[in-house]
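Enquirer: Input: one structure, supplied below.
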Amino acid sequence: MAAEPPPLISKHKAIVIRRATPADAEICGRICFEAFATLANQHNFPPDFPTADAPRKVLSVMFSHPSFFCVVAEQDEKLVGSNCLDERTPIAGVGPITIDPGAQDSKVGRQLMQAVLRRAAERKFAGVRLVQAAYHNRSLSLYAKLGFIVREPLACMQGPAIRKASPGYDIRTLEPDDLGICDDLCVRVHGHDRSGELRDAIQQGTAVVAESQGRIRAYASSIAFFGHAVGESNQDLQALISAAREFQGPGILVPTRNTGLFRWCLENGLRVVQPMTLMTWGLYNEPTGAYLPSILF
């Protein structure tokens, strides 16, 4: 009789998902840079981060923040990916999720996503959201399989600062006393507030408001890739965008179904860097005003 073949041995050990620590930020920042750069280069788009130092700083903040739930994946006793859940608001935001290019096709991404979704369910968040690179078919498919729904096509837009005065508007720093008014505005537009993010933005000195006729008409945590903005109308939001000194990071995220705002950005010198997609899991209300999502949602 022929000898039985030896049992198949997995090429990799089991994936271990654990809570991230600040010490993980160095390696995970490099993985994040390489993952985004590899993906962008494959599709002929510019990478989200210019150097490995940028994502290292971002993850260092997230891994240390008490209102972020961050996890890492280990395989063969080495870090191969990470993911974060922003828990600062009633709606949780996912990202950035990155996997070492050498660890693709081993279900690392699925397990990292399942870990944060379990956390969201345990904490009873009303909903979870993320923004996905529209050219990345695999992530779109994974998120859809996990229950996410496509809600909004976005354009990441970048260009020189517009620097145009908006008659009738006063643009100023958002103060702690403004929080209640800004929360009410966000609830009117989205059905929920983003107070936790605004508190951080006030501390960082990036939050601004647009006042007209004696009241706040729009606010932004920052006019940037990682910032969100809400306004009663396109005109209110345009006043904030016009006053920005720069658009930090890859650019601002403009909902392309908002034809008036999208066209106005194009007419004022901004150009589309890449298409993106807002996806949601759980509670979602169709916005009733003008807004810019952040890269988290």
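Enquirer: Within the stretch 208-222, can one find any residue that is part of a loop (DSSP other than H, G, I, E, B), surrounded by 18 or more Cβ atoms within 10 Å (Cβ to Cβ) and of a type outside the set (Gly, Ala, Ser)?
Expert: So in the stretch 208-222, the residues part of a loop (DSSP other than H, G, I, E, B) come out as 213-214, 221-222.
Those still in the list that are surrounded by 18 or more Cβ atoms within 10 Å (Cβ to Cβ) too: 221-222.
Filter again for of a type outside the set (Gly, Ala, Ser), leaving none.
There is no residue in the stretch 208-222 that is part of a loop (DSSP other than H, G, I, E, B), surrounded by 18 or more Cβ atoms within 10 Å (Cβ to Cβ) and of a type outside the set (Gly, Ala, Ser).
Enquirer: Right, something else. Check whether at least one residue in the stretch 81-93 is assigned to a strand (DSSP E or B), of a type in the set (A, V, I, L, M) and either in contact with a Lys or Arg (Cβ under 7 Å, 6 or more places away or on another chain) or farther than 29 Å from residue 228 by Cα (or both), and report yes or no.
Expert: Step one: filter the stretch 81-93 for residues assigned to a strand (DSSP E or B), giving 81-86, 91-93.
Right, trim to of a type in the set (A, V, I, L, M) and you get 85, 91-92.
The next check asks that each one be either in contact with a Lys or Arg (Cβ under 7 Å, 6 or more places away or on another chain) or farther than 29 Å from residue 228 by Cα (or both); those that pass are 85, 91.
Yes - at least one qualifying residue is present in the stretch 81-93.
Enquirer: Within the stretch 210-246, track down each residue that is among the β-branched types (Val, Ile, Thr) and in contact with a Cys (Cβ under 7 Å, 6 or more places away or on another chain).
Expert: Result: 216, 230.
Enquirer: Also, quick follow-up: Checking residue 274 against (1) in contact with a Cys (Cβ under 7 Å, 6 or more places away or on another chain); (2) buried (at least 22 other Cβ atoms within 10 Å of the Cβ); (3) of a type in the set (S, T, N, Q): exactly one of these is not met. Which one?
Expert: That leaves (2) as the condition not met.
Enquirer: For the stretch 31-50, what are the residues that are more than 16 Å from residue 296 (Cβ to Cβ) and in contact with a helix residue (DSSP H, G or I) (Cβ under 7 Å, 6 or more places away or on another chain)?
Expert: 33, 34, 35, 38, 46, 47
Enquirer: Output the residues belonging to the stretch 188-207 that are in contact with a helix residue (DSSP H, G or I) (Cβ under 6 Å, 6 or more places away or on another chain) and part of a loop (DSSP other than H, G, I, E, B).
Expert: 193, 194, 207
Enquirer: Of everything in the stretch 91-121, what is closer than 12 Å to residue 17 by Cα and touching a strand residue (DSSP E or B) at 6+ places or on another chain (Cβ under 8 Å)? Give them in sequence order.
Expert: 108, 109, 111, 112, 113, 115, 116
Enquirer: Considering only residues that are among the basic types (Lys, Arg) and either exposed (fewer than 11 other Cβ atoms within 10 Å of the Cβ) or modelled with pLDDT under 90 (or both), which ones fall in the stretch 1-55?
Expert: 11, 13
Enquirer: Could you list, in sequence order, the residues of the stretch 197-207 that are closer than 15 Å to residue 296 by Cβ and buried (at least 20 other Cβ atoms within 10 Å of the Cβ)?
Expert: Within the stretch 197-207, 197, 198, 201 meet the criteria.
The values are calculated or read from the model by the stated rules, or taken from the named source; none is laboratory data. From a predicted model like this one, the values you see are computed outputs, not experimental measurements. Neighbour counts run over all protein chains shown; Cβ positions are idealised from the backbone, glycine included.
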